[in-house]
Amino acid sequence: MKRNIKITLEYDGTNYSGWQKQKNTTKTIQGVLEKSLSKINKGPVGLTAAGRTDAGVHALGQVANFFINVNIPTDRISRALNRLIPADISCKIAEEVEPEFHARYDAKGKKYRYRIYNQRRASVFNRNYVYHYIHPLDYQLMLEAARYFEGTHDFVSFQSAGSSMQDTVRTIELLEVINKETEIWVEIIGNGFLYNMVRIIVGTLIEIGTGKIPYNKVKEIIESGKREKAGFTAPAQGLTLLEVFY
């Protein structure tokens, strides 16, 4: 009898072409995990994630599920998997769940963090996990702008061009701008996110922090439905998926 296994993962996305398995590269999170899980299962395994992270994006709490045929104890699955996968991916926990559980469709929301390293000189120690932005940012303006994003809106202005997503209405429950002295963090909780939505919101907040976009123009940008009205797409390496809610 097939068992449905839910795993919680963390990974450093620096050396990977994103989550989703691709034909032209073996360096994807999904591809590496499926190869290792197939050895444990002694047969092919298909892995479903709560969401697909892009190339260079990290995760502290990605969730995925898969079906397994072998009768290995659940508490041994994470240990067996961690022995097979590279050190920049880790299975934190494995749990057996109901057959109907689906990591993507059952997810109620996600929490992301974006780190902006706002100093003149870069740091070699955090370069893969932050966006190094050298120009001064007005934290108070970014803080004022954050509240305009909260609530249920059509966020098509904050979706990368070329996306096929038709339903672009999403709810942002909380958007916090946090001053960490050398860094500014943007933390966001929502019921779902469009393609590059978080990174475009961050890019818009940065342009607000430099005075390029007035903080009270966010409502107008949302209502315009035009991608060109919003800010740039912030680089991938500053973004981390913190948690998936069920």
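Observations, loosely collected:
- Sequence-ordered 3J(HN,Hα) estimates for the range 96-112 from the Karplus curve with 6.51, -1.76 and 1.60 and θ = phi - 60° stand at 7, 10, 4, x, 7, 4, 10, 4, 7, 6, 8, 5, 9, x, 9, 10, 10 Hz, glycine and proline given as x.
- For the chain, a crude dipole built from +1 on the beta carbon of Lys and Arg and -1 on the beta carbon of Asp and Glu, taken about the Cα centre, is about 900 debye to the nearest 20.
- Sulfur and carbon atoms: percent of accessible area, the range 93-179 [1.4 Å]: 48
- With the charge dipole of the range 3-97 set up from +1 on Lys and Arg Cβ and -1 on Asp and Glu Cβ about the Cα centre, the Cα lying farthest toward the positive end among the listed residues Trp19, Val63, Gly46 is that of Gly46.
- Those residues of the range 168-182 whose amide nitrogen sits under 16 Å from the label point placed on Asn126, 7 Å along Cα→Cβ: 177-182
- Ellipsoid semi-axes in whole angstrom, largest first, where each is sqrt(5λ) of the Cα gyration tensor of the range 3-97: 21, 14, 12
- If you look at the Cα atoms of the chain, you get an Rg and a Dmax of 19.2, 60 Å.
- Zone of His135's modelled label, taken as backbone nitrogen in the range 211-243 under 16 Å from a point 7 Å along Cα→Cβ: 211-215, 230-235
- In whole angstrom, the range 109-245 maps to an equivalent ellipsoid with semi-axes of 23, 17, 14, each derived as √(5λ) from the alpha carbon gyration tensor and ordered largest first.
- The range 47-77-the range 131-200 distance, computed between alpha-carbon centres (Å): 26
- Note on the chain: GNM, Cα springs under 10 Å; of Met165, Met197, Met142, the largest mean-square fluctuation is that of Met165.
- Cross-link pairs Lys23/Lys108; Lys27/Lys217; Lys42/Lys111; Lys110/Lys217; Lys2/Lys108; Lys2/Lys92 - those with Cα-Cα distance over 32 Å: Lys27/Lys217; Lys42/Lys111
- The helix-only estimate of mean residue ellipticity at 222 nm for the chain, built from DSSP H runs of length n ≥ 4 each weighted as -39500 (n - 2.57), is -7000 deg cm²/dmol after division by the residue total.
The values are calculated or read from the model by the stated rules, or taken from the named source; none is laboratory data. Being a predicted model, the structure only gives us computed values, none of them experimental. We place every Cβ from the backbone using ideal geometry, glycine too, and count neighbours over all the protein chains shown. Ligands, DNA and RNA are stripped out before the accessible areas are found, and what is left, the full protein with its side chains, is counted by its heavy atoms. Shrake-Rupley method; radii C 1.70, N 1.55, O 1.52, S 1.80 Å.
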